[in-house]
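Structure record follows, encoded as structure tokens.
The values are calculated or read from the model by the stated rules, or taken from the named source; none is laboratory data. Because the structure is predicted, anything quoted here is derived from the model rather than measured. Here the Cβ is made from the backbone with ideal geometry for all residues, glycine too, and neighbour counts use every protein chain on show.
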Amino acid sequence: MSLKDKLEKEVRRIFSENWTTREGKQVPSPEDIALEKNDAVHFERATVLYADLSGSTALVDTREWWFSAEIYRAYLRCAADVIRSEGGTVTAYDGDRVMGVFIGGSQTTCAARCGLKINYAVTKIVNPELKKQYPNENYVVKQVVGIDTTETRVARTGVRGDNDLVWVGKAANYAAKLTDLSMSEKTFVTDRAFSRMHNDVKYGGDPERNMWTGYKWAQKDNMQIYGSTWWWSFS
């Protein structure tokens, strides 16, 4: 069978086959979902977090490869460990960013606190250690975290021996798009995520005040979003 014939057959099957769907109780691994048929896991609600290193193209254009690699490794290591510490599951790495998924009753609160903790890790750990190691280097690590929560389904895509999960729903797409924002805030959440967050991740300081500023997201029909410059310290 030629490659063209094979692909026509596979695409025809994908478009014509009915889906089997089951409710998710935990974040699945690729092996939990069938690859050779239209199979999906459904979550009534899941919260997706994307942590994205800003300015990575300029980084690789202006610095040695090994310096860029160290920045990537330091940032993604911190982001991934913080995601896991807040009960999230790291589901994908995509170059200079990492995706985490949170489920359960306090998922948006955990994700929001995670975003603030990633900001702390970059501000208080990554950049100070970078300066210690390279005192004459003026590069500063910058990043953005985007968070959204919606009904979500998970399917498996790819070919045997080379496949992964795809998260289908607004949360994954909107969380990723929020990381494109270039503002002073480093953590962004949609209005639907903000409305589900507990007050302890909305208000802080002494005297206590709102840690989040509301904005109209011009790129998404002036959708209401919230951004924060705050961080959440940890030991």
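Results, tabulated for the structure shown:
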| item | result |
| --- | --- |
| Test: residue in the range 121-142 that is in contact (Cβ under 8 Å) with a residue 12 or more places away in the chain and closer than 21 Å to Arg153 by Cα | no |
| Scan of the range 216-232 for residues that are under 20 Å from the mean Cα position of the chain (by Cα) and either closer than 24 Å to Ile125 by Cα or at pLDDT below 95 (or both), ordered by number | Gln219, Lys220, Gly227, Ser228, Thr229, Trp230, Trp231, Trp232 |
| The listed residue being touching a residue at least 40 places away in the same chain (Cβ under 8 Å), surrounded by fewer than 16 Cβ atoms within 10 Å (Cβ to Cβ) and not polar (S, T, N, Q), out of Ala34, Ala79 | Ala34 |
| Sole exception among (1) under 19 Å from Arg45 (Cβ atoms); (2) touching a helix residue (DSSP H, G or I) at 6+ places or on another chain (Cβ under 6 Å); (3) of a type in the set (A, V, I, L, M, F, W, C) for Met223, by number | (2) |
| Sole residue being among the aliphatic types (A, V, I, L, M) and under 25 Å from His198 (Cα atoms), chosen from Ala111, Ala92, Ala58, Ala69 | Ala111 |
| Residue match in the range 203-215 (condition: assigned to a strand (DSSP E or B), closer than 15 Å to Arg113 by Cβ, modelled with pLDDT of 95 or more and out of contact with any His (no Cβ under 9 Å at 6 or more places or on another chain)) | yes |
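Conditions tested, residue by residue: (1) part of a strand (DSSP E or B); (2) touching an Asp or Glu at 6+ places or on another chain (Cβ under 6 Å); (3) farther than 30 Å from Glu31 by Cα.
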| residue | (1), (2), (3) |
| --- | --- |
| Tyr139 | no, no, yes |
| Gly146 | yes, no, no |
| Ala172 | no, no, no |
| Met183 | no, no, yes |
| Phe188 | yes, no, yes |
